[in-house]
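The values are calculated or read from the model by the stated rules, or taken from the named source; none is laboratory data. Please read these numbers as outputs of a predicted model, since none were measured by experiment. FYI the Cβ positions are ideal-geometry reconstructions off the backbone, even for glycines, and counts take in every protein chain you see. For the accessible areas, the whole protein counts, side chains as well, though only heavy atoms, and no ligand, DNA or RNA atoms are used. Shrake-Rupley method; radii C 1.70, N 1.55, O 1.52, S 1.80 Å.
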Amino acid sequence: MPKKKNESFQVLRDAVIIRKRVTQVLKFLALQAQKRLENLQIDLEHAETCEQCNSLKENIRAEKFNQWLINEECRLVASTCSELTKSLRSANTIWPAYMSEFTERRNLMNKALAACNVLQDELQYIAEAVYADKNKFTALMLDIETLFRQIKSVRQADNRFLKQIKDV
């Protein structure tokens, strides 16, 4: 099976860049939630009335839930980003000479496409469920959509292998 020379794989580089950007946005959200919780706890220490205390305690409970949700979503999104880059990197290591290799490469590309869709769904959910700046997510969503189209183009270009595929 002939191997590709050490050529750059643009779609993988783009996926890694998106992964870094997603991580930065989620880091910002997690730190923001932590800071809000800390501020509410400080406010609780300085509350002057029982009514203020009860209101702050309710806000703290809500903020703890938001923090939990952000942490859970961060884990899921980080895992999805990892799956995306892992699938692309694995697919790129296969230079198919046999139909089984072609199918494996295509399946890995399909996993990367699915990861793009999951990533968009999860980021959309975070933007709606958490007090997030939707503008930060819009550019990211558009970039993920562009990446999706790039992966589809690579997958379609792989049809060039079909002429040289061995049956056995």
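Residue farthest toward the positive end of the dipole of region 67-168, with Cβ of Lys/Arg at +1 and Asp/Glu at -1: which of Y125, I165, N71?
The listed residue farthest towards the positive side: I165.
Do any trypsin sites (Lys or Arg not before Pro) in region 1-101 lie in a loop, going by DSSP, with at most 10 other beta-carbon atoms within 10 Å of their beta carbon, and if so which?
Those satisfying the criteria are K3, K4, K5.
Report relative contact order for the chain in percent, whole number only (criteria: Cα-Cα under 8 Å, sequence separation at least 6).
Normalised by residue count, the contact order of the chain is 28 percent.
Run through region 87-167 and list the chymotrypsin sites (Phe, Trp or Tyr not before Pro) located in a DSSP loop whose Cβ has at most 16 other Cβ atoms within 10 Å.
Counting only loop positions with at most 16 other Cβ atoms within 10 Å, the chymotrypsin sites (Phe, Trp or Tyr not before Pro) in region 87-167 are Y131.
Could you check which residue among T93, T49, T23 shows the biggest mean-square fluctuation in a GNM of the chain with a 10 Å Cα cutoff?
Of the options given, T49 has the highest mean-square fluctuation.
Using the Cα centre as the reference, give the magnitude of the dipole from point charges on the C-beta atoms of the chain (Lys, Arg: +1; Asp, Glu: -1; all else neutral), rounded to the nearest 20 debye.
For the chain, the charge dipole is close to 1400 debye.
What number comes out for accessible area per residue over region 1-146 if the probe is 1.4 Å? Units Å², please.
Roughly 60 Å² per residue, with all protein chains present.
When the helices in the chain are scored as -39500 (n - 2.57) per DSSP H run of 4 or longer and the sum is shared across all residues, what 222 nm value do you end up with, to the nearest 500 deg cm²/dmol?
The per-residue figure over the chain is -29000 deg cm²/dmol.
If one takes the longest principal axis of the Cα atoms in the chain, at what angle in degrees, from 0 to 90 and to the nearest 10, does the Cα axis of helix 134-157 lie?
10 degrees
In whole percent, and with a 1.4 Å probe on the protein chains, what portion of the accessible area of the chain is carbon and sulfur?
After summing per-atom areas, the C and S share lands at 52 percent.
Read through the labelled values (i) 11.1; (ii) 12.9; (iii) 10.1 and report the label of the one computed as mean projected area of the Cα convex hull in nm² from the structure.
Matching entry in (i) 11.1; (ii) 12.9; (iii) 10.1: (i).
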